[in-house]
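Before any comments, here is the structure.
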Amino acid sequence: MRATPVSCHHRTFRAGGLLLAAALAPCASGAGEGGARSAAPRDLPAPEIRVGKITLKDAIRLTLENAPDVLQGRLEVLRRRGLLQETSGRFDSTIAVTPSYEHTLSFLTESALQPEISKRDFLRDSSTNLNQLATDINRNLADPNGKANLDCKGHQYFINGSPICSDVIKPTDYQSFQLLEAAQKLPVDPNSPTAKLSALLNKQVSDRLRNVVALSRRVFIPALDAQLAALGALPKGNENDVFALDLRYEIPTRSGLLLFPVLYGQGTQTNFTNKAASPVGGGAGIQTLYRVQAGLAVDIPLLKGGGATSVSAEERSARFNYGAAQQSLAQTASANVLNTVIRYWTLASAMEQLGLLQQSAANQNRIGELSEALVLGDELPRSELNRVRARTADVEASVVRARQNVESARIELARAIGLTVTDLDSAPVASDPLPPADELDRAATVAPQELIEGAAAARADVKAARGRVAAAEALLAGARVDLSPTLNLSLQVGYAAIWEDSRFNIKAAISPTGLGSAIGGTWVGPSVQLGLTLGIPVGNHAARGRVVQFEALRGQSLVTERDAARSARLGVVETVGSARAAARELSARAAASRYGLELARDAVEQYRTGEMSASDAVATDQRVTQSLLDGLGARLALATLAARIRYEAGVLLPYSISGGEVSFAEATPLFPAGR
């Protein structure tokens with residue numbers, strides 16, 4: 001069944017260029033079954049669309065939006081863009097925050113406990129001896145014949161193992177002994193000023209010693225006992241807490257230089273298990289220490305991995321491949337447009353061929369009607385009528401075959417555009433005719449040398465191949481640099497500050513207050529650390545293997561580039577030569593068709609008036625129709641060659657690349673006037 005043509009030319013397309021947003025729907029009344037279709041979903045690359053009549057311009061536009069190859073090309077461009085973004089991400093700056101916390105428990109050995117044992121012994125001995133001293137002083141004060149001053153009377157007092165009083169008799173020299181003995185023999189007058197002064201001094205000493213006794217028993221001894229109680233039992237273990245915060249801003253460069261501005265903070269707290277931090281409470285007495293550092297670290301690769309040639313090789317290769325993918329998309333779009341143009345003109349030619357055969361069938365039917373009338377009037381033998389009827393049946397069969405060709409051409413055009421149709425009515429119908437001969441003749445008059453010279457520069461596939469060569473050369477250059485040994489220079493410069501909690505108020509290693517106090521404290525520096533790393537690979541097979549791979553890849557890319565340029569030039573030469581031959585054939589067939597049309601117009605009338613026999617009338621119409629069909633075939637051949645010339649020369653579908661997007665201008669299948 002032949003599809004009903006639709007005359008509506010209103011078209012609506014979705015912005016973005018990937019998929020068709022709204023159907024090309026017939027708008028005239030009686031435009032066809034189903035009417036307008038809804039917009040196609042985004043995830044269907046080949047929506048079902050009822051297009052009706054369609055111009056070549058709209059067919060090309062639909063091809064660029066729906067052809068699977070074009071869609072694949074766009075996705076490949078997107079993929080290459082992602083790869084470029086991934087490789088460029090290697091040079092993104094990074095803020096690295098590394099907090100860490102370490103808690104360590106350790107057992108205290110006997111030697112480690114000895115200071116704590118001595119501390120407790122000292123307090124215990126001090127309390128005991130002070131109490132004994134007070135007792136002895138009181139006893140001396142109560143003895144009416146005794147002296148107020150403390151003497152050992154055979155006692156020894158020890159604090160922390162050291163004697164504070166001794167009953168050891170020290171020898172006295174003879175002269176001093178005689179003086180002391182003489183003084184003791186002198187009579188003592190209690191009323192003498194000396195005796196009174198001595199008694200007064202003794203009373204003052206006794207009062208002072210009573211105060212010492214009171215102070216010892218009320219203050220010192222309780223304080224020592226309280227301190228001993230505060231120390232508590234001996235500790236069983238030691239715990240150590242370390243909190244560190246490393247803040248770095250990593251700045252990689254395309255020269256290989258790596259910068260690390262660094263801010264480092266650390267808090268360290270050490271104490272006995274289950275003890276207060278202060279030594280008064282039995283703690284270790286180690287102050288919580290906070291340390292901060294600020295500086296800059298630099299890593300510089302001097303040989304392998306150094307310089308932009310090596311470091312940015314993958315990024316530059318990805319950028320060239322991204323550009324090559326864009327050029328490949330342009331070439332794919334041009335090839336699909338060429339296919340659509342050829343399919344469109346094939347459909348237009350098939351429709352025109354169908355019209356010629358239908359006109360021939362109409363002429364044959366008219367001759368048949370006249371023949372039947374002549375046979376009935378015994379003016380024509382019945383054998384002639386059979387010959388006419390046979391020719392009429394043959395033409396009608398040709399019409400059926402031509403109609404099938406039109407239907408096949410419509411399906412092929414839908415396939416070229418990238419549309420999915422479920423019935424023939426959904427297939428497109430060409431509204432533009434096949435170009436006339438005068439427009440096609442311009443293809444035969446072009447200067448081939450100009451097109452040949454410009455083909456290599458204009459063809460997108462040649463540009464794509466050239467981009468892939470550059471991509472391979474970037475990788476190869478980087479691989480050759482990386483054949484060198486590793487020689488890295490590292491430099492660190494920084495300032496540092498510390499702060500200790502002398503009051504034992506901060507018990508945690510994690511403390512913003514402690515770190516803030518360190519930051520606000522005194523900074524010292526600069527401190528400098530310089531290092532050099534040398535690595536010599538034995539065999540160096542990995543680096544050598546990469547060089548071999550990229551040399552082969554570059555060679556393959558060069559072969560592809562040269563072949564693409566060669567094929568483009570050969571394609572121009574071939575199509576221009578074929579177009580000139582087709583133009584000569586079209587010119588000759590056009591002349592034959594003009595003469596044939598004059599004969600065709602007169603053949604039926606001459607047969608009706610008896611000036612021509614039925615056989616001659618049938619033969620004339622047959623020859624004329626075939627001549628017109630041959631001329632139509634020559635036009636189609638020349639039109640196809642004209643489009644192919646522009647495709648081979650790289651000027652069929654103008655395009656531009658801007659901002660990572662490939663934009664297409666209006667396609668020009670034929671050479672403009674003046675060429």
Could you tell me which of the residues 110, 102 is among the acidic types (Asp, Glu) and in contact (Cβ under 8 Å) with a residue 24 or more places away in the chain? 102
Could you pull out the residue among 607, 595 that is in contact with a helix residue (DSSP H, G or I) (Cβ under 6 Å, 6 or more places away or on another chain) and at pLDDT below 80? 607
For residues in segment 480-507 being open to solvent by 80 Å² or more (accessible area, probe 1.4 Å) and not aromatic (Phe, Trp, Tyr), which is nearest to residue 279 (Cα to Cα)? 503
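Could you tell me whether residue 350 is in contact with a helix residue (DSSP H, G or I) (Cβ under 6 Å, 6 or more places away or on another chain), without any contact (Cβ under 8 Å) to a residue 60 or more places away in the chain and either assigned to a helix (DSSP H, G or I) or within 19 Å of residue 629 (Cβ to Cβ) (or both)?
So residue 350 passes the test.
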Which numbered condition trips up residue 539, out of (1) at positive phi; (2) at pLDDT 90 or above? (2)
For segment 83-122, which residues satisfy the criterion of being within 30 Å of residue 317 (Cβ to Cβ) and either hydroxyl-bearing (Ser, Thr, Tyr) or exposed (fewer than 11 other Cβ atoms within 10 Å of the Cβ) (or both)? 87, 88, 89, 92, 93, 94, 95
Looking only at segment 402-416, count how many residues are basic (Lys, Arg) and either surrounded by 23 or more Cβ atoms within 10 Å (Cβ to Cβ) or part of a loop (DSSP other than H, G, I, E, B) (or both). 1
Matching residues in segment 513-524 - criterion: being open to solvent by less than 50 Å² (accessible area, probe 1.4 Å) and closer than 23 Å to residue 296 by Cα: 515, 516, 517, 518, 521
Please go through segment 223-250 and give me each residue that is within 30 Å of residue 293 (Cβ to Cβ) and either surrounded by fewer than 15 Cβ atoms within 10 Å (Cβ to Cβ) or of a type outside the set (Val, Ile, Thr) (or both), ordered by number. 238, 239, 240, 241, 243, 244, 245, 246, 247, 248, 249, 250
Yes or no: residue 323 surrounded by fewer than 19 Cβ atoms within 10 Å (Cβ to Cβ) and touching a helix residue (DSSP H, G or I) at 6+ places or on another chain (Cβ under 7 Å)? no
For segment 51-67, how many residues are open to solvent by less than 10 Å² (accessible area, probe 1.4 Å) and part of a helix (DSSP H, G or I)? 4
Taking the conditions exactly as written (at pLDDT 85 or above, surrounded by fewer than 23 Cβ atoms within 10 Å (Cβ to Cβ) and closer than 28 Å to residue 635 by Cβ), does residue 355 satisfy them or not? yes
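Per-residue answers, yes or no, for (1) crowded, with 22+ Cβ neighbours inside 10 Å; (2) acidic (Asp, Glu); (3) closer than 28 Å to residue 333 by Cβ:
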| position | (1), (2), (3) |
| --- | --- |
| 400 | no, no, no |
| 418 | yes, no, yes |
| 425 | no, yes, no |
| 445 | no, no, yes |
| 453 | no, yes, yes |
| 456 | no, no, yes |
| 465 | yes, no, yes |
| 474 | yes, no, yes |
Exactly one of 311, 292 is aliphatic (A, V, I, L, M) and either within 30 Å of residue 535 (Cβ to Cβ) or open to solvent by 30 Å² or more (accessible area, probe 1.4 Å) (or both), and that residue is 311
For residue 510, work out the one condition from (1) open to solvent by 40 Å² or more (accessible area, probe 1.4 Å); (2) touching a residue at least 60 places away in the same chain (Cβ under 8 Å); (3) in a strand (DSSP E or B) it doesn't fulfil. (3)
Restricting attention to segment 539-561, the residues that are among the charged types (D, E, K, R) and farther than 19 Å from residue 321 by Cβ number exactly 1
Within segment 634-654, identify whether any single residue is surrounded by fewer than 18 Cβ atoms within 10 Å (Cβ to Cβ) and either in contact (Cβ under 8 Å) with a residue 40 or more places away in the chain or of a type in the set (Asp, Glu) (or both), and answer yes or no. no
Subset of segment 86-96, residues part of a helix (DSSP H, G or I) and either modelled with pLDDT of 95 or more or out of contact with any helix residue (DSSP H, G or I) (no Cβ under 9 Å at 6 or more places or on another chain) (or both), comes to 89
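Give the residues of segment 621-633 that are in contact (Cβ under 8 Å) with a residue 12 or more places away in the chain and either open to solvent by 20 Å² or more (accessible area, probe 1.4 Å) or within 19 Å of residue 344 (Cα to Cα) (or both), sorted by residue number.
Within segment 621-633, 622, 623, 627, 628, 629, 630, 631, 632, 633 meet the criteria.
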Which condition breaks for residue 286 when tested against (1) over 30 Å from residue 654 (Cβ atoms); (2) touching a residue at least 40 places away in the same chain (Cβ under 8 Å); (3) surrounded by fewer than 23 Cβ atoms within 10 Å (Cβ to Cβ)? (2)
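The values are calculated or read from the model by the stated rules, or taken from the named source; none is laboratory data. All of these numbers come straight from a predicted model, not from anything done at the bench. Positions of Cβ are backbone-derived with ideal geometry, glycine not excepted, and every protein chain shown enters the neighbour counts. Please note that ligands, DNA and RNA were not included when accessible areas were found on the heavy atoms of the full protein model with its side chains. Shrake-Rupley method; radii C 1.70, N 1.55, O 1.52, S 1.80 Å.
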